Every structure is written in C-alpha cells, then in structure tokens.
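Reviewing the structure listed below.
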Amino acid sequence: MKQIMLTISYDGTHYYGWQKQDGLPTIQAELEKACKRLFGHEVSIKGSGRTDAGVHARGQCASLKVNTPIPVEKMPRSLNNILPKDIVVLDAKLVGEGFHPQYLAKKKTYIYKVINSKYPVPQLWNYTYFVYTPLDIEAMSQGARHFVGTHDFKAFCSSKNTKKDTIRSIYSFKIKQDGDIITFEVCGNGFLHNMVRIMVGTLIEVGKGDMKPDDIRQIILSKNRLKAGITVPASGLTMYRVEY
C-alpha cells in the first residue's frame, strides 16, 4: 500500500463542509468516491482540517492509502477527470507510513475576504462578506496585532468547539485592501471551531468604530465568547495553505 498526500482546492458553496455526512454532499465523500473509481477499492481519506459548510480551500491537504500501479504524478489529472469541477486535486506525493495531515501540520493559513462598498457585488456573494459601513484598515490592523502570540482563545471559538485545549499560537495576522476588497490573512499552528470567523467579526467591529483596537487584548484575557464580535459567514473563508 502507498501512503499519498493530496493537495486539494475546492469551492465549498454547494457542500456541507469537508466531513462525510449521511445523504449530504461533502468534499470528503466526493474524494473518496472518485478514489474508489480510480483505484478500484475503498479508500479512507483524512484531511488536515474540517472546513465547515460553505468554506473554500486553496490548499487543503489530505492523506490516503492506495494499492495501485498508477504513478503518483498522474493521480491529480486522473482524479480531476472524475471529480466534480468545483473540486480539484493540485498535487500528489508519496509520504511516509506515519504521516497524518492534521497532527503533523506546523502552520495553517486562512484568508477571509470582505467587500466593503455601498452595494454588494452579486458575482462575489459566495466568496466574500458584504459590509457597507466604511472600515478603518489601520484600526483593524492595530487590533489584529493583539492576536499574534500564544494565547488562550476561548473567547474566539464557538459553543460547538470540542477541543479542551483552547491555547493556540498565531504567527501573523495581516490585513490588506485592494479597492473594495479587504483581505484578512492569519497564520497559526492551529485553529478552534469558528476561530478565524470570530476574530474577523471582532476586527470588523473595530473597523466600524464600535470597539477600540486595544479591546482585543481584554477580550482575549476575558475568555468570554460573549465579549467578542459576531461569527462572520462561512462564504468569505478559505483554507489557503498548510505547511509541514
């Protein structure tokens, strides 16, 4: 059996997230179905993270074990001929027997896109969050600096979070503007359920002037979810890169 790592890009608009769910379309289910057709046997795929319904990916990583004579370098094109057009395998490589895409990941980078304009853009509805109130980029950037470092992010995870350890390390948090599009890019060693979406929602409150940049530090110390901002919609979020 060969242990393979896949790098996958997908549009999550029409899926109920990464993880398999009975009777519902998911990324994991589509990949396993395509692999079964290509390799001729059942395949179990493990992902580096479970993206929620509507969340996209540019660099999701996953592993699988296969028994096949198909060369690794030909697997992406072969799988893409079977998969739906909104799921694309970008790369495949051989990895060691002990490789695990989630537990061995050193860094994960997510991006979140906001369209900040007077009116929404219909073509971007599934890929951005629309905010019509003008946002202060400098204030949000100042607030984002408080996230960098190792902290207890209990105030920035949903009630559905199942992980007891809520301490995470954020390596960088950048905010850039290009016309009406504002991009939030955050890199860390791991993220809690809805953590990125809550951090962005809180920074938007700072950008609107409803919070001050230094309030972020106090919210982190409070460990109280009720003090943080809203959970912004899934559509603006993309798993951008996983590093090992």
Give V196, V206 a once-over and let me know the one that is outside the structural domain of G12 (by TED's automatic domain parsing), crowded, with 19+ Cβ neighbours inside 10 Å and within 16 Å of the chain's Cα centre (by Cα).
V196
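Surrounded by 16 or more Cβ atoms within 10 Å (Cβ to Cβ) and closer than 30 Å to V131 by Cβ: which single residue out of I45, I87 fits that description? Spell out how you get there, then give the answer.
On the way: I45 fails: closer than 30 Å to V131 by Cβ.
Step by step, each of I45, I87 is checked, and only I87 is surrounded by 16 or more Cβ atoms within 10 Å (Cβ to Cβ) and closer than 30 Å to V131 by Cβ.
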Every residue from the stretch 24-80 that is of a type in the set (V, I, T) and assigned to a strand (DSSP E or B):
V66
Selection status of T26, surrounded by 17 or more Cβ atoms within 10 Å (Cβ to Cβ) and within 18 Å of N194 (Cα to Cα):
no
(1) without any contact (Cβ under 8 Å) to a residue 40 or more places away in the chain; (2) closer than 19 Å to I111 by Cβ all hold for T150 apart from (2)
Scanning for something under 18 Å from S48 (Cα atoms), touching a residue at least 24 places away in the same chain (Cβ under 8 Å) and in a helix (DSSP H, G or I), does the stretch 184-195 turn up at least one residue?
yes
Please verify whether the stretch 32-50 includes one or more residues that are modelled with pLDDT of 95 or more and in contact with a Phe, Trp or Tyr (Cβ under 6 Å, 6 or more places away or on another chain).
yes
Just name the residue that is farthest from V55 (Cα to Cα) out of those in the stretch 147-166 that are surrounded by fewer than 13 Cβ atoms within 10 Å (Cβ to Cβ) and of a type outside the set (G, A, S).
T150
Among the residues of the stretch 3-23, is any small (G, A, S), surrounded by 21 or more Cβ atoms within 10 Å (Cβ to Cβ), part of a loop (DSSP other than H, G, I, E, B) and in contact with a Cys (Cβ under 9 Å, 6 or more places away or on another chain)?
no
Looking at (1) of a type in the set (A, V, I, L, M); (2) closer than 26 Å to S9 by Cβ; (3) buried (at least 19 other Cβ atoms within 10 Å of the Cβ), which is the one condition that is false for I181?
(3)
Looking at (1) surrounded by fewer than 17 Cβ atoms within 10 Å (Cβ to Cβ); (2) at positive phi, which is the only condition R50 fails?
(2)
Only one of (1) in contact with a helix residue (DSSP H, G or I) (Cβ under 9 Å, 6 or more places away or on another chain); (2) in a loop (DSSP other than H, G, I, E, B); (3) surrounded by 14 or more Cβ atoms within 10 Å (Cβ to Cβ) is not met by I230, so which one is it?
(3)
Any chance you could count how many residues in the stretch 153-183 are touching a residue at least 12 places away in the same chain (Cβ under 8 Å) and in a loop (DSSP other than H, G, I, E, B)?
10
Please work out which one of (1) of a type outside the set (K, R); (2) surrounded by fewer than 16 Cβ atoms within 10 Å (Cβ to Cβ); (3) at pLDDT below 95; (4) in contact with a Lys or Arg (Cβ under 9 Å, 6 or more places away or on another chain) is the condition Q102 fails and give its number.
(2)
Pairs under 6 Å by beta carbon, first residue at positive phi and assigned by TED's automatic domain parsing to the domain that holds T7 in the stretch 53-80, partner surrounded by fewer than 19 Cβ atoms within 10 Å (Cβ to Cβ) and at pLDDT below 95, six or more apart or different chains?
none
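The values are calculated or read from the model by the stated rules, or taken from the named source; none is laboratory data. In this text the structure is predicted, and so the values were computed from the model without any measurement. All Cβ positions, even for glycine, are placed from backbone atoms using ideal geometry, and neighbour counts span all protein chains on display.
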